[in-house]
1. Conditions: (1) at pLDDT 85 or above; (2) more than 60 Å from the chain's Cα centre (by Cα). Residue 151 meets all but one. Number of the miss?
2. Report, by residue number, each residue of region 192-208 that is surrounded by 13 or more Cβ atoms within 10 Å (Cβ to Cβ) and at pLDDT 85 or above.
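The values are calculated or read from the model by the stated rules, or taken from the named source; none is laboratory data. Every value quoted in this text rests on a predicted model; they were computed, and no experiment measured them. Quick reminder, even Gly has a Cβ in these numbers, built from the backbone with ideal geometry, and neighbours come from all protein chains shown.
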Amino acid sequence: MAKFKFAGVDATAKAKSIAVNAARHAAHAAHALAVSQSTASKRRDARVSLVANKAAFYNARAAHTTSIARLSEMADAKQLVAKVESKQAAADYLRALDQRLRQSKAALTTERAANVVERQRLTDAVSPMLRVAKMRATQYLAEERRRESLTQVASKAHEFVYKADRTCQVAELRRAKRGAALRANLEDRQGAAAVKRKSLLTPTSSWPAAGPPPAAGPPPSGEESRPFPRRRRPPRSAPRPS
């Protein structure tokens, strides 16, 4: 009986030990499960936090990139608008300059046309006076040439008349001197002939004490017969006497 009691107690102790071990194992398993759950929860929270941080970082970077792109687009748009405005201003300025240039060209063309018309009017008004002045100048020059020609002709005629008168005077003086010489020679010859005739007619022919009569010499000629020396002609370069 004791043996059965001891076996029952031993079985009870064994069952209690198995139960305690099972409870202990269950507690250990529950504690390990709780620890595992806590660790998994912490890991999950850390992973979620990491993913959230990464997502926030990527979102912030994307937002920053988007804002930079938006700002760049806005700057490009402003720059494009500024370029368009500057080009438009330059086009307006060039258009204004072109208009002013066209107006200046038109004014210049009008002024040139007015100058041409005025010059033509002035030419029409002055050309008769110029022709008259040219005609008067031509007449004055012709009159001056005529006067010079008349003066030259008069001087030449005066010189010719002077030379002719001088030549006539010289010829007349030569003729008078030659006539006187011829008369004297003739008288001398006549006297000599008379003396010779007398001497031939007288029985005793003798020459007078003064000697034979002078023989009649040749008539004077050359420079001796001229009352004054011949006037030499002036050289061609010298001016003619008036």
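1. (2)
2. Matches in region 192-208: 192, 195.
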